[in-house]
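S.K.: The structure's right below; bear with me while I get my questions together.
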Amino acid sequence: MHLSNSTKSLLLLALLAAVIFLPYLGSVHLFDWDEINFAEAAREMLATGEYSYVQINYQPFQEKPPLFFWMQALSMKAFGVNEFAARLPNALCGILSLMTLFLMGTRWHDRRFGWWWAGLYAASLLPHFYFKSGIIDPWFNFFIFTGIYFLIRTHQEPLRGVRLMALSGLFIGLGIMTKGPVALLIFGLVYFIYWGRNRFKGLLHWSHIMSFTGSLLAVGASWFLVEVARGRGEVVLDFIVYQIRLLQTQDAGHGGPFYYHFIVLLLGCFPASLFFLYAYRKPVAKEEVGKWMKILFWVVLLLFSLVRTKIVHYSSLCYFPLTYLGALGLWHWQKSDASFPAWLKWSIGLIGTVLGLLFTALPLVDRYKTTIIESGMIKDRFAVANLQSDVYWGGWEWLLGILFWLGIMVSLWLLGRSRKAIFGLLATCLLGLELLSLVYIPKVEQYSQGAAIRFYESKQQEDCYLLTVGFKSYAHLFYGRKQPPTHPQHADREWLLSGKADKTVYVVTKNIRKEEQLSWHPQLRVLYEQNGFVFMQVTPL
């Protein structure tokens, strides 16, 4: 069977993406909060057999619709309740996303551009790691971006608009089913601004709007309508109230200044963010698709800069337009006779040096942690105790930071002699991210939560309650494998801490909260302390 060059490229890209995103997905515990939170929701679906709505601690969880948890539950059904299964849906999303970027880029420009776009996305810091996580945003962003892609194509191919807008509505509906109505809000804002920039001319034909609306409602409203029909309208109402509160208030202690996401995108999307700045005002970025990408970028960035809750992944939809324009700059530069801009070379060198120093210094912090602790540099007692974790380092890991820095410097030096050196720069970034996933992150996780996770896992076979006080966590639910409760007060903290519970209660707090918790709850008995966590017990009276 003869395959076209584009098909061969697509299959090769799928294979490379699988090699990048699938290995060692389960090599590190899930991180509090979001990863464990979402995995726990999926685990409780399996434990209860209740798939129609989301629960955490076997109580209604009104913050998210169920689509992503269905994906995780299906994965856990196939591979067991573990880290690999929780992260597998996003790894598959990573493979699909890179293939989709290649196809979109090939349609809009050519096959080389498709490779640039997919490659730059995979080689950038946060975009790369999100496909190795267990959070919702990769699928949510994919659905929104694909919905906007079909909207763009409708303007390019109006005669096929009914079909294209039906597909657009389908994907925006899937976005709503993944994380909520903000998917439609972003889509609507992008189109309204595009329409306004065209002086409110060229509005979609009514048949296109009807096609979009019908498809959107059939998918995006399905779960809500089913819940109402089953007499659980309060679940839908609570969900809507939460979405409104999230836009208006600072949630879960995640605040930050207006410019928070500007910094996140600049540093977190290295090196794509610098190529984005290079391309932004170039004539090639003023073509029609470039206009759409700029609108999408600014809508997402400004929307989540105005929202009071500031979390790193809130601006992650910006990764698609940011890497598109970055790839556009590289693609145009490769075809031109222009030299590599000096400011861009210096910027890449500066941020690359900062990252190289961080990668080099991290293993050395453990080697000299006694000196650091005795110096009093760290004021937080919990952080000091975290640093005392017994984590094995081979003593060679700091060399990876040096090699990462050298790879960037050599690539920049070679750019003055060959344009192909840009591939060396992207390969260095990609390899650095892979080594960071394999070597650094599992060790960092041991410092931050290792002691607590080990305690929760030790209680999986014991008929008991696990509870955290003084800090928010979902890890005790997932790693303690809490089973469907038999007592109606299983989630009542005061009942659990009072000594009136029907079985032993194990309580975990942080060392900075130990004294206050013991004074508030004298029935607590300390078992031991480790790495900043205090493990206690309440024995039934």
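The values are calculated or read from the model by the stated rules, or taken from the named source; none is laboratory data. Fair warning: this is a prediction, and the values are worked out from it, not measured in the lab. Quick reminder, even Gly has a Cβ in these numbers, built from the backbone with ideal geometry, and neighbours come from all protein chains shown. Quick note on the areas: whole protein, heavy atoms, side chains included, nothing else; ligands and nucleic acids left out. Shrake-Rupley method; radii C 1.70, N 1.55, O 1.52, S 1.80 Å.
S.K.: Please verify whether PRO65 is assigned to a loop (DSSP other than H, G, I, E, B) and not hydrophobic (A, V, I, L, M, F, W, C), treating the condition exactly as stated.
M.R.: Criteria met by PRO65.
S.K.: Can you name the residue in the stretch 255-297 that is among the small types (Gly, Ala, Ser), within 19 Å of the chain's Cα centre (by Cα) and assigned to a helix (DSSP H, G or I) and, of all such residues, is modelled with the lowest pLDDT?
M.R.: Here the residue is GLY268.
S.K.: Next question, about the same structure. Going by what's in this entry, would ARG107 be described as free of Cβ contacts under 8 Å to residues at least 40 places away in the same chain and either β-branched (Val, Ile, Thr) or outside any loop (DSSP other than H, G, I, E, B) (or both)?
M.R.: On the way: free of Cβ contacts under 8 Å to residues at least 40 places away in the same chain: yes; either β-branched (Val, Ile, Thr) or outside any loop (DSSP other than H, G, I, E, B) (or both): yes.
When the stated conditions are applied, ARG107 passes them.
S.K.: Okay, next question. Please work out if PHE455 is surrounded by fewer than 16 Cβ atoms within 10 Å (Cβ to Cβ), over 20 Å from LEU364 (Cα atoms) and more than 21 Å from the chain's Cα centre (by Cα). Show your work before the answer.
M.R.: Numbers: surrounded by fewer than 16 Cβ atoms within 10 Å (Cβ to Cβ): no; over 20 Å from LEU364 (Cα atoms): yes; more than 21 Å from the chain's Cα centre (by Cα): yes.
When the stated conditions are applied, PHE455 does not pass them.
S.K.: Could you tell me whether the stretch 39-53 includes any residue that is hydrophobic (A, V, I, L, M, F, W, C), in contact (Cβ under 8 Å) with a residue 12 or more places away in the chain and touching a Gly at 6+ places or on another chain (Cβ under 6 Å)?
M.R.: Yes: the stretch 39-53 contains one or more residues that are hydrophobic (A, V, I, L, M, F, W, C), in contact (Cβ under 8 Å) with a residue 12 or more places away in the chain and touching a Gly at 6+ places or on another chain (Cβ under 6 Å).
S.K.: For the stretch 459-476, which positions are within 22 Å of HIS521 (Cα to Cα) and not in a loop (DSSP other than H, G, I, E, B)?
M.R.: TYR465, LEU466, LEU467, THR468, HIS476
S.K.: Being open to solvent by 60 Å² or more (accessible area, probe 1.4 Å), closer than 30 Å to THR106 by Cβ, modelled with pLDDT of 75 or more and assigned to a helix (DSSP H, G or I), is that true of even one residue in the stretch 227-236?
M.R.: Looking through the stretch 227-236, none of the residues is open to solvent by 60 Å² or more (accessible area, probe 1.4 Å), closer than 30 Å to THR106 by Cβ, modelled with pLDDT of 75 or more and assigned to a helix (DSSP H, G or I).
Residues are listed down the side, and each one gets a yes or a no for (1) in contact with a Cys (Cβ under 9 Å, 6 or more places away or on another chain); (2) of a type in the set (Lys, Arg); (3) surrounded by 23 or more Cβ atoms within 10 Å (Cβ to Cβ); (4) modelled with pLDDT of 95 or more:
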{"site": "MET76", "(1), (2), (3), (4)": "no, no, no, yes"}
{"site": "VAL81", "(1), (2), (3), (4)": "no, no, no, yes"}
{"site": "ALA86", "(1), (2), (3), (4)": "no, no, yes, yes"}
{"site": "GLY94", "(1), (2), (3), (4)": "no, no, yes, yes"}
{"site": "HIS109", "(1), (2), (3), (4)": "no, no, no, no"}
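S.K.: While we're on this one: What are the pairs with Cβ atoms under 7 angstrom where one residue, in the stretch 492-516, is under 26 Å from ASN386 (Cβ atoms) and the other, located anywhere, is open to solvent by 50 Å² or more (accessible area, probe 1.4 Å) and outside any helix (DSSP H, G or I)? Sequence gap at least six, or different chains.
M.R.: Close Cβ pairs satisfying both conditions: ASN511/GLU529.
S.K.: Here are PHE187, PHE212, PHE145: which of them is of a type outside the set (S, T, N, Q) and open to solvent by less than 10 Å² (accessible area, probe 1.4 Å)?
M.R.: Going through PHE187, PHE212, PHE145 in turn, the sole match is PHE145.
Conditions (1) of a type in the set (A, V, I, L, M); (2) closer than 22 Å to SER458 by Cβ, marked per residue:
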site	(1), (2)
PHE478	no, yes
ALA501	yes, yes
THR504	no, yes
VAL507	yes, yes
GLU515	no, no
ARG525	no, yes
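S.K.: Identify the single condition in (1) more than 28 Å from the chain's Cα centre (by Cα); (2) more than 19 Å from LEU159 (Cα to Cα) that GLY214 does not satisfy, given that it satisfies every other one.
M.R.: Checking GLY214 against (1) more than 28 Å from the chain's Cα centre (by Cα); (2) more than 19 Å from LEU159 (Cα to Cα), the one that fails is (2).
S.K.: Which of the residues that make up the stretch 323-364 are under 15 Å from LEU274 (Cβ atoms), outside any helix (DSSP H, G or I) and in contact with a Gly (Cβ under 9 Å, 6 or more places away or on another chain)?
M.R.: PHE340
S.K.: Against the conditions (1) within 22 Å of the chain's Cα centre (by Cα); (2) in a loop (DSSP other than H, G, I, E, B), where does TYR51 fall short? Just the number, please.
M.R.: (1)
S.K.: Considering the stretch 376-411 alone, what residues qualify as being closer than 25 Å to ASN511 by Cβ and open to solvent by less than 70 Å² (accessible area, probe 1.4 Å)?
M.R.: GLY376, ILE378, PHE382, ALA383, VAL384, ALA385, ASN386, LEU387, SER389, VAL391, TRP393
S.K.: Identify all residues within the stretch 186-204 that are within 17 Å of PHE145 (Cβ to Cβ) and in contact with a helix residue (DSSP H, G or I) (Cβ under 8 Å, 6 or more places away or on another chain); write none if there are none.
M.R.: Taking the stretch 186-204 as the starting set, the residues that turn out to be within 17 Å of PHE145 (Cβ to Cβ) are 186-191, 193-194.
Hits for the stretch 186-204 are ILE186, PHE187, LEU189, VAL190, TYR191, ILE193, TYR194.
S.K.: In addition: Within the stretch 54-89, work out how many residues are free of Cβ contacts under 8 Å to residues at least 60 places away in the same chain, in contact with a helix residue (DSSP H, G or I) (Cβ under 7 Å, 6 or more places away or on another chain) and within 24 Å of TYR121 (Cβ to Cβ).
M.R.: 3
S.K.: Scan ALA501, ALA491 and give me the residue that is of a type in the set (A, V, I, L, M), surrounded by 21 or more Cβ atoms within 10 Å (Cβ to Cβ) and not in a strand (DSSP E or B).
M.R.: ALA501
S.K.: For the stretch 366-417, give me the residue count where each residue is part of a helix (DSSP H, G or I), polar (S, T, N, Q) and closer than 20 Å to PRO442 by Cα.
M.R.: Quick first cut of the stretch 366-417, residues part of a helix (DSSP H, G or I) only: 366-367, 369-375, 381-387, 398-414.
Filter once more, so that each one left must be polar (S, T, N, Q): 370-371, 375, 386, 411.
Cutting the leftovers down to closer than 20 Å to PRO442 by Cα gives us 386.
Number of matching residues: 1.
S.K.: Restricting attention to the stretch 298-322, which residues are open to solvent by less than 10 Å² (accessible area, probe 1.4 Å) and part of a helix (DSSP H, G or I)?
M.R.: VAL300, LEU301, SER305, SER315, SER316, LEU317, CYS318, TYR319, PHE320, PRO321, LEU322
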